[in-house]
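The values are calculated or read from the model by the stated rules, or taken from the named source; none is laboratory data. Worth saying up front: this structure is predicted, and the values here are computed from it rather than measured. Positions of Cβ are backbone-derived with ideal geometry, glycine not excepted, and every protein chain shown enters the neighbour counts.
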Amino acid sequence: AETSTGAKIFDANCASCHIGGGNILINHKTLKKEALSKYLANYDSDSIQAIIYQVQNGKNAMPAFKSKLSSQEIVEVATYVSQQAEQGW
Ligand code: HEM
């Protein structure tokens with residue numbers, strides 16, 4: 001899974017702040033399942049869509065990616081993050 005398209009997009013665009021599914025800026029807002037469930041709006045009802053929304057629009061210190069990544073790339077990276085969260089990174 002580390003060589004999937006989603007993994008490559010994550011490594012190139014997200015790992016600088018979210019290496020290993022963490023968060024170097026706001027330590028508790030990680031990409032681990034428990035943190036996503038607690039802090040990311042609508043994660044429990046539609047995890048992929050909730051991640052897509054955050055990546056498209058950003059939030060606070062996280063930049064928006066809708067003008068940097070294609071919608072296909074955002075789906076790929078969101079699917080990767082969701083899978084990694086389920087597997088515990
Ligand atoms: C939060 C994904 C890039 C900084 C989050 C969250 C997700 C996410 C799903 C919600 C986590 C939670 O609330 O527990 C991604 C993805 C990225 C990316 C998939 C690449 C496409 C980045 C980058 C930075 C960053 C490059 C730093 C420059 C942050 C910060 C938060 C956050 C500061 C917390 C926002 C807040 O609620 O105040 N990210 N991220 N992210 N991310 Fe990212």
Per-region count, segment 1-15, residues free of Cβ contacts under 8 Å to residues at least 60 places away in the same chain and part of a helix (DSSP H, G or I): 4
Residue that is at pLDDT 95 or above, near the ligand (Cβ under 8 Å from one of its atoms) and under 19 Å from Ala7 (Cα atoms), where the choices are Leu40, Leu31: Leu31
Count of residues meeting criterion [touching a Gly at 6+ places or on another chain (Cβ under 9 Å), touching a residue at least 12 places away in the same chain (Cβ under 8 Å) and more than 7 Å from the ligand (Cβ to nearest atom)] in segment 43-83: 6
Hey, Thr5 more than 10 Å from the ligand (Cβ to nearest atom) and either farther than 18 Å from Leu69 by Cα or among the β-branched types (Val, Ile, Thr) (or both) or not: yes
Residues of segment 52-89 classified as surrounded by fewer than 18 Cβ atoms within 10 Å (Cβ to Cβ) and in a loop (DSSP other than H, G, I, E, B), total: 11
Some residue of segment 22-39 being touching an Asp or Glu at 6+ places or on another chain (Cβ under 8 Å), closer than 11 Å to Tyr80 by Cβ and touching a residue at least 12 places away in the same chain (Cβ under 8 Å): no
Residues of segment 16-34 classified as part of a helix (DSSP H, G or I) and either crowded, with 18+ Cβ neighbours inside 10 Å or under 10 Å from the mean Cα position of the chain (by Cα) (or both), total: 3
